[in-house]
Amino acid sequence: MILVTAPIDAPLRGTLQPAGDKSISHRALIMATLASGQSRIADLLDSEDVHATASACRQLGARIEVEDGVLQVTGTGESGLSAPAGVLDMGNSGTAMRLFSGVLAAQDFNSELIGDESLSRRPMRRIVEPLTRMGARIETTDSGTAPLRITGRPGLQGLDFDLPVASAQVKSCLLLAGLYATGITRVAEPQLSRDHTERMLPVFGVPLQPGCGVQGGSRLTAADIRVPADISSAAFFICAAAMIPGSDVTLRNVGINPSRDGILRFMQAAGADVEALNRRMFGQEPVADIRVRYSEDIRGADIPEEWIPSLIDELPIIMALAAVIPGTTRIRGAAELRVKESDRLAVMAQGLARLGVALQEYEDGIDIDGGQLGIPQDELNDGAHVDGAGDHRCAMSFCILGQLAPAQLRVGGCSHIGTSYPGFSRHLQQLGGQVAPAGGGHD
Ligand code: S3P
């Protein structure tokens, strides 16, 4: 799918609530499935990735109904999962595939997890190796990718595991497997990755053991969860308002968990005018309304390596912002970007270079010198083309950047925006942005 943007002729203005948090939505559904009793989940993200998780939960025996917009999930209890009738299709979602693997490795039935083309390229040894050390049996392709054929094995052994790279998906996979293992399963990370699993387990009645551990045999009981708006989705409008002169945008109910708030720290370092107002808690998760006003003081800034896990998913939109603000933005220690839904360093570097942005790509990062965007001479008539490469976050980043391009920008590879943010174009239009599907209609 192609989205076409046009040069914006007025500032972005307005208030909206961005899409629900994807990470929290997956975890709420999975834990509610493992819990005994009926959980209620409000403001669950209604996106393709979360649908994949919900249908896997149903295949494993959960009953899921919607009442007044709130999901009612009747769980099976931890040991009540039933063997799925067919393969479990995780679609585009790395989180779904890695978290379910931890649960399914410990069951008394076999399962097979598949994904789309992008997910089938992503590395799975990072979960298969530690799970195997716990006693799991999981077959991958020769290159360590999905499909994953899991031979269920009740009676896993607890594990103390040092993650080589901070990863919330691997950490959460092992903690979920640890619920079924003997003794305590503990995970240590070089830097803290998002800690939604650790915050949510106690809400479902499972206390966290010191040093990020869970006690095997713990039972989950139903809970009520309210899902905040996703800071990773809000980031597109935070950056858009910060780059478009005169803008003033407020994003409501956005999760500002300290393990996810690197974008706010970066914006402050870059001299943007960003405020977190009305700070409060949705259960264990802090939220705020984020107000962004355009400021002429914004400049490129270096991102310290230790911030990377807290803004990993925001790096594509930060790269887009860096392309149009004065000064240099340097990103290092971000090699993980190469194994996301696409190679995000390569996809962003390629698109930005097409628009005349001065940059230097490294194995684990990029330097970007911001300035004016250009359009290749031969594309001036029908608009420039950039390719989001089927990666939702790169595609949305280019759509934001297109607001400041000197001519129409045709953003290809937009068909996966619905994995995390189905209402993205509508929200951008609502704030005054210029975006529409090629050929008209709605995305
Ligand atoms: C996620 C963790 C991160 C992130 C992904 C969602 C999660 O991945 O990039 O979009 O929900 O746990 P890694 O764990 O691979 O860093």
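The values are calculated or read from the model by the stated rules, or taken from the named source; none is laboratory data. This is a predicted model, so every value here is computed, not measured. Positions of Cβ are generated from backbone atoms using ideal geometry, with glycine treated the same way; all protein chains shown enter the neighbour counts. To get the accessible areas, we keep the full protein, side chains included, count just its heavy atoms, and leave off ligands, DNA and RNA. Shrake-Rupley method; radii C 1.70, N 1.55, O 1.52, S 1.80 Å.
Data for the structure
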{"quantity": "The range 192-237 - residue that is within 16 Å of the ligand (Cβ to nearest atom) and part of a loop (DSSP other than H, G, I, E, B) and, of those, nearest to the chain's Cα centre (by Cα)", "calculated": "Asp230"}
{"quantity": "Filter result for Ser36 (over 24 Å from Asp391 (Cα atoms) and away from the ligand (no atom under 16 Å from the Cβ))", "calculated": "yes"}
{"quantity": "Qualifying positions in the range 154-179 - out of contact with any Phe, Trp or Tyr (no Cβ under 9 Å at 6 or more places or on another chain) and open to solvent by 40 Å² or more (accessible area, probe 1.4 Å)", "calculated": "Gln157, Asp160, Asp162, Pro164, Val165"}
{"quantity": "Filter result for Arg393 (surrounded by fewer than 24 Cβ atoms within 10 Å (Cβ to Cβ) and among the basic types (Lys, Arg))", "calculated": "no"}
{"quantity": "Segments classed as helices (runs of 4 or more DSSP H), wholly inside the range 1-105, with at least 1 members that are open to solvent by 10 Å² or more (accessible area, probe 1.4 Å), more than 25 Å from Ile138 (Cα to Cα) and not polar (S, T, N, Q)", "calculated": "22-34, 48-59"}
{"quantity": "Residue that is nearest to Ala28 (Cα to Cα) [pool: residues in the range 254-277 that are touching a residue at least 24 places away in the same chain (Cβ under 8 Å) and acidic (Asp, Glu)]", "calculated": "Asp261"}
{"quantity": "Members of the range 123-153 that are touching a residue at least 40 places away in the same chain (Cβ under 8 Å), open to solvent by 60 Å² or more (accessible area, probe 1.4 Å) and assigned to a loop (DSSP other than H, G, I, E, B)", "calculated": "Arg153"}
{"quantity": "Gly255 within 15 Å of the ligand (Cβ to nearest atom), touching a strand residue (DSSP E or B) at 6+ places or on another chain (Cβ under 6 Å) and more than 30 Å from Gln372 (Cα to Cα)", "calculated": "yes"}
{"quantity": "Unmet criterion (only one of (1) open to solvent by 10 Å² or more (accessible area, probe 1.4 Å); (2) part of a helix (DSSP H, G or I); (3) out of contact with any strand residue (DSSP E or B) (no Cβ under 7 Å at 6 or more places or on another chain)) for Leu337", "calculated": "(1)"}
{"quantity": "Selection within the range 127-147 - more than 20 Å from Val87 (Cα to Cα) and more than 16 Å from the ligand (Cβ to nearest atom)", "calculated": "Thr132, Arg133, Met134, Gly135, Ser143"}
{"quantity": "So Ile150, is it within 16 Å of the ligand (Cβ to nearest atom) and touching a helix residue (DSSP H, G or I) at 6+ places or on another chain (Cβ under 8 Å)", "calculated": "no"}
{"quantity": "Tally of residues being in contact with a Leu (Cβ under 7 Å, 6 or more places away or on another chain) and closer than 29 Å to Ala10 by Cα across the range 270-314", "calculated": "6"}
{"quantity": "Matching residues in the range 106-122 - criterion: being among the polar types (S, T, N, Q), open to solvent by 20 Å² or more (accessible area, probe 1.4 Å) and within 15 Å of Thr145 (Cβ to Cβ)", "calculated": "Ser120"}
{"quantity": "Residue among Arg344, Arg280, Arg291, Arg299 that alone is touching a residue at least 24 places away in the same chain (Cβ under 8 Å), open to solvent by 60 Å² or more (accessible area, probe 1.4 Å) and in contact with a Pro (Cβ under 8 Å, 6 or more places away or on another chain)", "calculated": "Arg299"}
{"quantity": "The range 309-334, subset of a type in the set (A, V, I, L, M) and more than 16 Å from the ligand (Cβ to nearest atom), residue surrounded by the fewest Cβ atoms within 10 Å (Cβ to Cβ)", "calculated": "Ile325"}
{"quantity": "Failed item, numbered, when Ala229 is tested on (1) in contact with a helix residue (DSSP H, G or I) (Cβ under 9 Å, 6 or more places away or on another chain); (2) buried (at least 19 other Cβ atoms within 10 Å of the Cβ)", "calculated": "(1)"}
{"quantity": "Out of Gln360, Gln377, sole residue that is more than 16 Å from the ligand (Cβ to nearest atom) and at pLDDT below 95", "calculated": "Gln377"}
